[in-house]
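This report refers to the structure that appears directly beneath it.
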Amino acid sequence: MRTSLVFPPFYLESLYNLPPLGLVNLGTALNLSGHEAVVRDLVLDLRQGLLPTDESIYAACARRVLEDDPQLVGISAQCATYPPTLRLAAALKQREPDLPILIGGHNASFVDVQTLERHSQIDMVLRGEGEAALPELAGTLESGGDLAAVEGLTWRTPDGAIQANPDRELIRDLNQLPDPDHSLVPPLSEYKKACGLDRSIAIVEIGRGCPHQCAYCSESALWRRKSRTFEPARLVREMARLADAGAESFLMSYDQFTARRDFVEEFCQLVLDRGLERIPWHGISRLDTVDGSLLDLMRRAGCSSLCYGADSGSQKTLAYIRKRIDKDLLFTRVRETTTHGLTPTLSFIVGFPEEGPEDIDATLELALRCAVTGDINPLLQLPTVLPGAALHRWTKGRLVRQVDTYFALGLEYDGRARLPSDEALIDSDPELFSSFYNPPCPGFDLLDLDRIVQTFPIILAYYPKTMLLLTNALHRGASGLVLDFLAEPELPGESFADKFNRWVLATLRSGPADGFAHLPEALAYENAAVAAQTADDADAAPCNGAPARRAGLVVREFSVDMDQVVHDLRNGVVAPFYPPSPCALAFLGGEASLEVSEMNDFGRDLLALCDGENSPASIAKTLFRDYGDIMDPKAFDAACREALDQLAGLGFIRFGRESGGVCSP
């Protein structure tokens, strides 16, 4: 049976899309069982400009699918893609009324009966895993057999009744599955080009399942609280094959990657043995399943970042969402992750039912404490209500549509707004499209909470130290301070940084701060860091061997020991007082890092003279007046040249080439 496996249209500019590995797995299983599979990635088509972005998009999608002359269409549906799945199915049925249409995925698995009851264009839902079930279904359809025998299938019988067959047992040994046939989808280079990526990224499925039961997640229910992994040797072979096919980075798909230490250790050692550590990879983990030694091993094996579900800083909220983890451990593990050179992506959620302002502030404070540990990638969001999750059951009948959560985005095909017809469909059914709805939050107005969610990640990225100190100085929660900041009128032409600086200093002047006289210094420190990291990449061209400061170098003087302040904050210490201790710091911004170095008076004055015009000799002559009292001019000149070489080694300056009096970098 010829089957078209379809990933429905979805577009979110801030995300990249990758080959749909789930459909590749299904297509591989179909082909090996004697059927014919075609994978249609409509997300890639949209990225490549092959589809319209107006109301005609679903008709155009249907035409592309029908080009495959399918005898069965299977559509993969998740939360945000559930509306386009149903719209595409309707467009297909309009053209081919007798074409069987099947959907699968997390969403469909938990609202299977409701979907068939309310949407006649859907004939069947395949619940859970499909590698064994889909070939059996295709064979049954092809032979005219009894669909009641296909486990895991919910279907509409010839007399119009809806029947849910018994669940299918999970595949016990994932290693029995065939290797994915990546020829079913375009090369990785096409995804790289379409998404404007620096590297080609390939998904590697590490395992399936989750033993936990977090209230907002449907993963555990789908996999019946069981976890299974592929053997490390198979995974590393798959990585090698993908590397040969052009993969320049790997995304490890499995929420419980570090759940078994022996598994991670064996995997990392095999990666090192194969020399694959040269290709960076990204994983997903729980903060309570890693430690310093494991993080060090993963980093040596090529891991560059880990995604953690930090969720909440409120113990009450953690209990409500059934996240069994010590909130104090979260900060410790984040600090260890950044210390070992990994970038943690941290997911925080605010706005659960039962949360008061103090719970939300506890989460924002945890996010601030994590942000000061080093380079993190924060994701702050409102709860997404997923079918199959406990939160879906708890809030049924109480959901409202006020703001979009992060996982409700992606149907804004033209980059502006959803199609009115999609909006009408979403409005019609909170149960099926719950991910577009909000649970009630008695402690906060949802519109205000959304404004905080939109703004706070910017503060986390640029001013976490300042905001953390400000909350402690004023004894106020971060939520109220952010709303105060947003309420401050914006001056014409004022940037976010300009407004934030003006607001912080005005707030300190207008309200009594309990100590924290060093808070303006922290603000200046973070301003210098921002300036260094956002400097123009083009360095000034030095002339005739004259040294010039790098464009990303910023030198600032402070009245307190800011190295100590930052050290304390990174270790969870928020002190209200520091004695006067003048210092100068040099901030050097890089492509993905920031280096901060302490400068003595001589180094500071030396750098100030490195303007691309002063020669080493003239610099030494100028500085000799203040620093040459214990050296003769020749020795001092040599010392200055040595210091310039050291600054060049640090990347602070560069020298121009001698070129007959003409500037030449």
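Taking Ser220, is it assigned to a helix (DSSP H, G or I) and under 22 Å from Asn107 (Cα atoms)? Criteria met by Ser220.
The residues on offer are Glu117, Glu136, Glu169, and the sole one that is assigned to a helix (DSSP H, G or I), over 32 Å from the mean Cα position of the chain (by Cα) and surrounded by fewer than 16 Cβ atoms within 10 Å (Cβ to Cβ) is Glu117.
Does Thr339 satisfy the condition of being touching a residue at least 12 places away in the same chain (Cβ under 8 Å), within 28 Å of Arg476 (Cα to Cα) and of a type in the set (Val, Ile, Thr)? So Thr339 fails the test. Applying a threshold of 7 Å to beta carbon distances and a minimum spacing of six or more residues, or different chains, the list of pairs starting in segment 560-580 at a residue that is surrounded by fewer than 17 Cβ atoms within 10 Å (Cβ to Cβ) and ending at one that is of a type in the set (Ser, Thr, Tyr) reads Gln564/Tyr578; Arg570/Thr373; Pro580/Ser559. Of all residues in segment 350-402, those being assigned to a helix (DSSP H, G or I), under 24 Å from the mean Cα position of the chain (by Cα) and acidic (Asp, Glu) number 3.
Within segment 451-492, being assigned by TED's automatic domain parsing to the domain that holds Thr373 and surrounded by fewer than 19 Cβ atoms within 10 Å (Cβ to Cβ) holds for Arg451, Gln454, Thr455, Pro457, Ile458, Ala461.
Scanning segment 504-546 for residues that are under 26 Å from Asp645 (Cα atoms), assigned to a helix (DSSP H, G or I) and modelled with pLDDT under 90 gives a single hit, Gln533. Screening Ala60 on (1) without any contact (Cβ under 8 Å) to a residue 12 or more places away in the chain; (2) of a type in the set (A, V, I, L, M); (3) surrounded by 23 or more Cβ atoms within 10 Å (Cβ to Cβ) shows it passes everything except condition (3).
Rundown of residues vs (1) of a type in the set (Lys, Arg); (2) free of Cβ contacts under 8 Å to residues at least 24 places away in the same chain; (3) in contact with a helix residue (DSSP H, G or I) (Cβ under 6 Å, 6 or more places away or on another chain), yes/no style:
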residue: Arg369; (1), (2), (3): yes, no, yes
residue: Leu379; (1), (2), (3): no, no, no
residue: Leu411; (1), (2), (3): no, no, yes
residue: Arg416; (1), (2), (3): yes, yes, no
residue: Ala424; (1), (2), (3): no, yes, no
residue: Ser428; (1), (2), (3): no, yes, no
residue: Pro439; (1), (2), (3): no, no, yes
residue: Gln454; (1), (2), (3): no, yes, no
residue: Ile459; (1), (2), (3): no, no, yes
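Picking from residues in segment 223-240 that are among the hydrophobic types (A, V, I, L, M, F, W, C) and in a helix (DSSP H, G or I), the one that is nearest to Phe110 (Cα to Cα) is Leu235.
I'd like to check something: does segment 55-71 contain any residue that is part of a loop (DSSP other than H, G, I, E, B) and of a type in the set (A, V, I, L, M)? No: segment 55-71 contains no residue that is part of a loop (DSSP other than H, G, I, E, B) and of a type in the set (A, V, I, L, M).
Matching residues to (1) under 20 Å from Pro8 (Cβ atoms); (2) aromatic (Phe, Trp, Tyr); (3) under 38 Å from the mean Cα position of the chain (by Cα); (4) buried (at least 22 other Cβ atoms within 10 Å of the Cβ):
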residue: Ala90; (1), (2), (3), (4): yes, no, yes, no
residue: Ala108; (1), (2), (3), (4): yes, no, yes, yes
residue: Val125; (1), (2), (3), (4): yes, no, yes, yes
residue: Gly144; (1), (2), (3), (4): no, no, no, no
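The values are calculated or read from the model by the stated rules, or taken from the named source; none is laboratory data. Given the structure is predicted, the values throughout are model-derived calculations rather than measurements. Heads up, the Cβs are rebuilt from the backbone with ideal geometry, glycines too, and the neighbour counts pull from every protein chain shown.
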